[in-house]
Amino acid sequence: MGHLDVVTVGTSEIRVAEEAAITAETLGNRVNRIYGADVAGIHRILTVRDDLFQANVAVVVAGMAGTLASVVGGLVSCPVIGVPTSVGYGARFGGVAALLSILNSCASGVSVVNIHDGFGAAYQASLINKLAAGQTEPSIADGDGESPAAKGSGGDETDISPLKAAWTRRREPRSSNPRRTRPVNRRPVGESNL
């Protein structure tokens, strides 16, 4: 299976980056950590470009202006998942500045998760990495309508048929409320309420 990269601008984003890296490793991915790839010194990101080119997906953790996601997205052909953080100096507005910057990235293939959401980024990156490697796991979306837990492949033997029936049954139409069916008395524009 290929690997995924977790990239940070500096050391202040490492807490969120490690959340993403450890989550991805727990989900069975090979993770390459690239920390300190600052865009103010573009030579730092260029020295690790070969590692970036070999990844199936990159998780980019960026604070302040969040520009690293756009820079990485412009360099690589794989999907990039931006994780904005609230760290850095200047007007960061609790991470909203980085979030908006990554949302407005002009690089193709850049998506964004919520502020400090290393877990969500790693989970999404794991799905992309496994799809790129040709690995898929059975899921309820495969069409058989049952989750692996319901089939007895680990976990508890909970019967989910009542839940499944509740989701699949057709809902009865709501009883009509006579107050809601009356037409609204509308006045022409400009008429007073008196």
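The values are calculated or read from the model by the stated rules, or taken from the named source; none is laboratory data. Note that the structure is a prediction, hence the values are computed from the model and not measured. When we count neighbours, we look across all protein chains shown, and the Cβ atoms used for this are built from the backbone with ideal geometry, even at glycine. These area figures cover heavy atoms from the full protein model, side chains too; ligands, DNA and RNA do not enter into them. Shrake-Rupley method; radii C 1.70, N 1.55, O 1.52, S 1.80 Å.
Things to note:
- Those residues of the range 33-44 which are of a type outside the set (D, E, K, R), farther than 24 Å from Asn114 by Cβ and open to solvent by 40 Å² or more (accessible area, probe 1.4 Å), in sequence order: Ala40, Ile42, His43
- The numbered conditions (1) at pLDDT 95 or above; (2) under 13 Å from Ser126 (Cβ atoms); (3) in contact with a Lys or Arg (Cβ under 9 Å, 6 or more places away or on another chain) are all true for Thr23 except (3).
- Positions within the range 1-25 being open to solvent by 70 Å² or more (accessible area, probe 1.4 Å) and part of a loop (DSSP other than H, G, I, E, B), in sequence order: Met1
- Within this structure, Val110 fails the test of being open to solvent by less than 50 Å² (accessible area, probe 1.4 Å), within 23 Å of Asn56 (Cβ to Cβ) and more than 17 Å from the chain's Cα centre (by Cα).
- Number of the condition not met by Gly36 [criteria: (1) in contact with a Gly (Cβ under 9 Å, 6 or more places away or on another chain); (2) in contact (Cβ under 8 Å) with a residue 40 or more places away in the chain]: (2)
- Residue match in the range 89-105 (condition: touching an Asp or Glu at 6+ places or on another chain (Cβ under 6 Å), buried (at least 16 other Cβ atoms within 10 Å of the Cβ), outside any loop (DSSP other than H, G, I, E, B) and aliphatic (A, V, I, L, M)): no
- One residue from Gly28, Gly74, Gly66 being under 23 Å from Gly95 (Cβ atoms), surrounded by fewer than 15 Cβ atoms within 10 Å (Cβ to Cβ) and not charged (D, E, K, R): Gly74
- Residue that is nearest to Ala17 (Cα to Cα) [pool: residues in the range 27-63 that are assigned to a strand (DSSP E or B) and of a type in the set (A, V, I, L, M, F, W, C)]: Val61
- Counting only residues that are surrounded by 15 or more Cβ atoms within 10 Å (Cβ to Cβ) and over 19 Å from Ser86 (Cα atoms), the range 45-63 holds 8 of them.
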